[in-house]
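Taken together, the values in this text are just the output of simple stated rules run on the coordinates, not laboratory data. None of these values were measured; they are calculated from a predicted model. Note: ideal-geometry Cβ built from the backbone for every residue, glycine included; neighbour counts use all protein chains shown.
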Amino acid sequence: MRIAIIGSRGTLGRAFSRQAHAAGHELVYLDRPSHDLTDFDVITRAITESNVDIVAHPAAYTNVDGAESDPGAAFSVNALGTRNVAIGCVEAGVPLIYISTNMVFDGTKRTPYTEFDTPNPKGVYATSKRAGEMYVEHLMSKFFIVHTSWLYGKEGDHFVHKIVRAADTRGAVGVVADEVSTPTYVEDLAGALLKLVGTRLYGWYNLVNEGECSRFDYAREVMRLTGRDRVTVTPTALADYARPAPTPPYSTLKNFVGAQAGIVLRTWQEALADYLSNVTNVGTAG
Ligand SMILES: NC(=O)c1ccc[n+]([C@@H]2O[C@H](COP(=O)([O-])OP(=O)(O)OC[C@H]3O[C@@H](n4cnc5c(N)ncnc54)[C@H](OP(=O)(O)O)[C@@H]3O)[C@@H](O)[C@H]2O)c1
C-alpha cells in the first residue's frame, strides 16, 4: 500500500514508519515545517496529490499540562488540524487512521473502558483530542479512530526515561499509586495499526498492551527490569500533586473490537521487558 503519514517524527510516528517500510509499504511523509497540518490548503493539497491508499495521523499537540495555559495551540492542532486532515482524506477518497487518547474518558469508571463507552474529556488536551475525533466522525465515513495510552518507545522522552533519570539523580522516587491505565509500547501499537490498515473494519478501537497498572507499579517494574531494585519507590497520591491538567484516575482501555478481528497486543509487562532488553540509553530521550 501507499501510506501518507502525518507526524512521522514522533514516538509513535517513527515506530509506525519503520514497520510500514519494513513491511514493504510505500510511505509519503507529511511533516512540519513543509506540511503543517494547521495549514488547510497545504495539508489538503498534499493529501489529494499524494496518491495514497490511506492516511495515518499520529501528529498531535501532546503537551497535556501546557495545553491548559495555551488552549489555542492545542485546539489548532488537535481539533482544527485533524479537521483539515479529515477533509483532505474525503477529497482524496481515502480512509484515515486517527490516533486518540485514553484521556477522552473521565476516569470515573472502575472497570476498563470499551470502544462503546461515552467519552467525557476533562481538561484542554483531552477536549481537543475529542474534538479531533468528532471532526473525523462527522466528516468521514471510512476511518479508524484508535484510543491508546501511556506510550513509550525507542524515540521521545517518556515516563520510562523520566523515572530512571529521577531515580539516578535522587536515589528514591515518589510515584502516584492512584492513577491506573496501561503502558503501551509503540512498536506493538504500530504492528497492530498495520494489521488494521489491511482491513475494511472501520470504526473505533482501543489498542493497548494487555493488563493494567498504577504509575507506582509501572515505576517499580522499570526499576526491577533495569537492575535498580535498590531504588526506593514510594507510593503517593494524585491529590499530592498540583498539576495544571486534570488526570483521569482510572483510564484502562479494553481492546474489545480489535480482539474480534484477532488484533491483540501482548501484556504490558512482556512489552516493557522486551523494550528494556533492547534499549541502550534508558534515561536519555531518543
Ligand atoms: N504519548 C502518550 O502517552 C499518548 C497517550 C495516548 C495517546 N497519544 C496520542 O498518540 C499520538 C502519538 O503520540 P506521540 O507520543 O508519538 O506524540 P509525539 O512524540 O509528541 O509526536 C507528535 C508529532 O506530531 C507532530 N506535530 C505536532 N504539531 C504538528 C503540526 N502542527 N503539523 C504537523 N505535525 C505536527 C510533531 O512534529 P515535530 O516532530 O515537528 O514536533 C511530532 O512528530 C498522538 O495523537 C497522541 O495524542 C499519546
- Note on the structure: The ³J(HN,Hα) series, computed from each phi in region 59-71 with the Karplus coefficients 6.51, -1.76 and 1.60 at θ = phi - 60°, rounded to the nearest Hz and given as x for glycine or proline, is 6, 6, 7, 10, 7, 4, 6, x, 4, 4, 9, 9, x
- Cross-link reach list, aspartates and glutamates versus residue 154, counting only Cα pairs under 14 Å and skipping chain neighbours closer than eight places: 187, 188, 274
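What trypsin sites (Lys or Arg not before Pro) does region 196-228 have in DSSP loop regions with at most 14 other beta carbons within 10 Å?
Sites meeting the loop and neighbour criteria: 200.
What's the ranking of 145-153, 235-243, 169-177 by average number of surrounding C-beta atoms within 10 Å, highest first?
On the way: 145-153: 23.9, 235-243: 11.6, 169-177: 15.7.
The densest-packed peptide leads the list: 145-153, 169-177, 235-243.
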- Message: Cβ neighbours within 10 Å, averaged per peptide: list 46-53, 135-142 in order, most packed at the top.
- Response: 46-53, 135-142
- Net charge dipole size for region 20-166 [Lys, Arg +1 and Asp, Glu -1 on Cβ; Debye, nearest 20]: 500
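Only sites in a loop by DSSP and with at most 16 other Cβ atoms within 10 Å count here; which chymotrypsin sites (Phe, Trp or Tyr not before Pro) in region 47-133 make the cut? Don't jump to the answer; show the numbers that get you there.
On the way: sites: 61, 75, 98, 105, 113, 116, 125; in loops: 61, 105, 116.
When the chymotrypsin sites (Phe, Trp or Tyr not before Pro) of region 47-133 are filtered for loop state and at most 16 Cβ neighbours within 10 Å, 116 remain.
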- Message: Under the 0.36 nm per residue contour assumption, what length would be gained going from the current alpha-carbon distance of residue 34 and residue 241 to full extension?
- Response: 70.6 nm
